[in-house]
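Chemist: One structure is given below, represented as structure tokens, and several questions about it will come after.
What follows is calculated from the coordinates using simple rules that are stated; it is not laboratory data. This one's a predicted model, so the numbers in the text were calculated from it and none came from an experiment. For neighbour counting, all protein chains shown are included, and Cβ atoms are generated from backbone atoms with ideal geometry for every residue, glycine included.
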């Protein structure tokens, strides 16, 4: 491949400083405006001298009562203002399920099982090629029922998996926070592909003996972005009920969803989906503000279902032989990119600094009025966020987003490493990624995190969190035993 | 000086006014108006007569003759008429192996027909919908049922959709609770809720008696309704939500396990209804009523209830009184005019009616709904409401109590106030004149009379 010519350093450097200057100017516009005013007032005060100022004060003829009243009014107005603001929603703590090592599915195990279960050689080869390029590692886990040859997907086994992953995560959370089960006011559970009656939320209420007036909701079928839908729902509920906390459980139960056919588009989930769960404790109590890790700033949901192509790209159906599976269309990456663009259009104005928004607006105007061929300006989201948690849906999704948002390798490291260590754990993957960033000691007070989830429908949901205190490296948790080995280099193709 | 005074007073007044305005606005937003509701009426080729039920039961070759007798007895004595509806796949003989398309078509037909009519009647376009909730307890495809609706009606990108699954027969009040909470955070919001049940994928083909009851009693049905908190639509609304109470006694193991989906001994999945179900229902019911009573009853009745409680404690009556019986001595009819009871079965309606001290007139809508539509799970409350409306019972300022039970075990209730005289026939339009019929007995009682002796 011919080497690209060396870039023009001098002109690009100049441009870089111009851009920096512009950003500082626009972002701190108000400060820049107020400096001359303050300087003028200060000069005036100095010019007049202290005697004159005291004289002016005396001339006002204020007495104690007037001063007290004014102070009272100011304090009153300030209180009214602060109390009328929407209640902040804090993330007190969260816990992720740590899969036991006896559930591990290294490549050799996966391929051996596939060869024994699947008689069609083409399907076996296809799955091998997918696995080679998947970005998954050797330590991802499947539930016990999937280790049988052929897999044994009974309802009892599905419930057992649900109990294993969910109860472990909740036990962990209780241990870390000292949460009393009777104290939980709101419970939201999302699990896309397993929905027994009574629901998983009822299962949790039964196990932990939660209160009878709990507000519980069980969301299902909503795909890999359902974790953020649950957070959105919990947030709405917390806005309405003061002094409450909410337990949100995000998981995906793999047992009942093994695809036993040979349709290629439907074999992909077998290769990528793995066991995982996360339990998140949200609160709007003021006393939790001190110990909370994050504060929820925004949640933006985008649903592209109105477009038929987007709607059909992740679709559950039956193949010709009657096996049910989830078919992933070839357009998935393009559709994910479009859904992300829609989501960005809404979230951009909420999070981007003024300088980026102005540039985007000016470029848009230029494109519309002057030159339609001009490249659209992609706002620099690195200015708005320190950390990115992109749903570990697959290597291609992470690549696509890295390209679209112009992110560096370090920004997407959490997503890639989560995909490597845990596979695609669906809605809980965002929490494993956040845990990775914390385990690496990178989470500082004031850092902003952007979680992006994609899911069937086609949905793109984002959540923005602000870190409230520097997070100490966790001593336990899913990454504790292996974090020292990460990051690893993940080759394009792992030859099997 | 005066200037300072003027400024201070103005600021103070403004703050006070803003507090008052915020409070007033919040209370305005708190309203949850029911604009309209449409109950699902499947096509006539899906009617399940007793004869057809008997044929379907007999198709299961694993059952023995005593099992057939037991099932026929349940069907004949259930209080369900010849006019109820079943899924096409079961009628056409595919009950043991329904395809994914069968299941999806069953739910699609219900959702789309009712939504088409709902949008037509309200004159509101799907693009204006802000919140969409679907609850179908036993079927959750990918993409979710809400996504199917968003796709078909080309709804907006920022529509808040929620797919509630596994929440049982009392999921309607849960969906209303969800929408109500969202209403309190946003102004001028429009919500559409679709509630239905999926029978095709859940047909039980084994021999466990506790799981066969579901086959006999559940029928196809559904409802779509539209809610809003926009005060400008109040004049078009039918009812206004006054309060909602949810009680969940899943903490008790017996209650949790009394209605549960699981595999039988041979590995076939079915919906198990245990013998401890009535007991769990009573407990959940009592729990719900305890919290509902103060919100629903007028002061006089509450005072009487407290006095009776004191008297009971002071005088210490010899018979032990359970909570439900104490509740029976509270006259709910003083605060509620109409009762929408979940049509779980004839026994359930009778038991709840007795506990609340209801007359035959009060229980008639629920009994007639069970007769005409069967147990349509979460949407049954809406058919009962439809009966009351078709019979022109709902007058302005009347209060309607919806009460339902569900797996978990839950008892949920909500109280509505009727905003104007209601006259729509709805799904009952073509048959309301025939109700109440002379007898609720099965017309084939002679033909299947031998089951009475079994």
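Chemist: On a C-alpha basis, how far is the centre of segment A:320-370 from the centre of segment A:439-454 in Å? Whole number, if you could?
Modeler: If you average the Cα positions of each part, the centres end up 21 Å apart.
Chemist: When the helices in chain A are scored as -39500 (n - 2.57) per DSSP H run of 4 or longer and the sum is shared across all residues, what 222 nm value do you end up with, to the nearest 500 deg cm²/dmol?
Modeler: My calculation for chain A gives -14500 deg cm²/dmol from helical runs alone.
Chemist: Please report A:333, B:138 as a ranked list, fewest other C-beta atoms within 10 angstrom at the top and most at the bottom.
Modeler: Values: A:333 17, B:138 23.
Ordered by Cβ neighbours within 10 Å, fewest first: A:333, B:138.
Chemist: I need A:271, B:411 ordered by Cβ neighbour count within 10 Å, fewest first.
Modeler: A:271, B:411
Chemist: Then there is this: Of the DSSP beta bridges with both residues in segment B:30-238, give the percent that are antiparallel, rounding to the nearest 5. Each step should come with its number before you reach the end.
Modeler: Working: 14 of 25 bridges.
Close to 55 percent.
Chemist: Averaged across the residues of B:244-255, what count of C-beta atoms belonging to other chains lies within 10 Å of each residue's C-beta? If you can, show how the numbers build up before the last one.
Modeler: Numbers: counts 0, 1, 5, 4, 13, 3, 15, 12, 4, 3, 0, 4.
Neighbouring Cβ atoms belonging to other protein chains average 5 per residue here.
Chemist: Taking every residue in B:150-160, how many Cβ atoms of other protein chains lie within 10 Å of its Cβ, on average? Intermediate values should be presented prior to the final figure.
Modeler: Values: counts 7, 11, 4, 2, 4, 3, 4, 14, 7, 5, 6.
Per-residue shielding by partner chains comes out at 6.
Chemist: Going by how many other Cβ atoms sit within 10 Å of their own, how do B:308, A:445 line up, fewest first? All intermediate terms of the calculation are to be shown ahead of the outcome.
Modeler: Numbers: B:308 13, A:445 10.
Ranked by crowding around the Cβ, least crowded first: A:445, B:308.
Chemist: Related question: Let me check against my output: what whole-number percent is the relative contact order of segment B:30-238, with C-alpha pairs under 8 Å and at least 6 apart?
Modeler: On the way: 333 pairs, mean separation 76.0, N = 209.
Rounded, it is 36 percent for segment B:30-238.
Chemist: Suppose a student asked you for the relative contact order of chain B, using Cα pairs under 8 Å spaced at least 6 residues apart; what percent would you report? Let's see the in-between values first.
Modeler: Numbers: 831 pairs, mean separation 100.0, N = 454.
Relative CO of chain B lands at 22 percent.
Chemist: Here's something else I'd like to know. May I ask you to compute the full-extension gain from residue B:430 to residue B:240, defined as 0.36 nm times their residue separation minus their alpha-carbon distance, rounded to one decimal in nm?
Modeler: On the way: separation 190, 0.36 × 190 = 68.40 nm, distance 2.74 nm.
Length gained, residue B:430 through residue B:240: 65.7 nm.
Chemist: Okay, next question. For the pair residue A:403/residue B:17, report the inter-label distance in nm, with labels modelled 7 Å from Cα in the Cβ direction.
Modeler: Between residue A:403 and residue B:17, the simple spin-label model gives 5.8 nm.
Chemist: Is the C-alpha gyration tensor of segment B:30-238 telling us rounded, prolate or oblate? Criteria: a/c under 1.5 is rounded; beyond that, a/b larger than b/c is prolate, otherwise oblate. Write down the numbers at each step before the final one.
Modeler: Details: a/c = 2.42, a/b = 2.24, b/c = 1.08.
Note, shape of segment B:30-238 comes out prolate.
Chemist: How high is the relative contact order of chain A, in percent, with contacts defined as C-alpha pairs under 8 Å that are six or more residues apart?
Modeler: Numbers: 833 pairs, mean separation 97.3, N = 496.
It rounds to 20 percent for chain A.
Chemist: Shifting gears a bit: Is the shape of the protein assembly as shown best called rounded, prolate or oblate, per the rule: a/c under 1.5 gives rounded, else a/b larger than b/c gives prolate, else oblate, with a ≥ b ≥ c the square roots of the Cα gyration tensor eigenvalues? Write down the numbers at each step before the final one.
Modeler: Values: a/c = 1.98, a/b = 1.25, b/c = 1.58.
Judged from the Cα gyration tensor, the protein assembly as shown comes out oblate (a/c at least 1.5, b/c at or above a/b).
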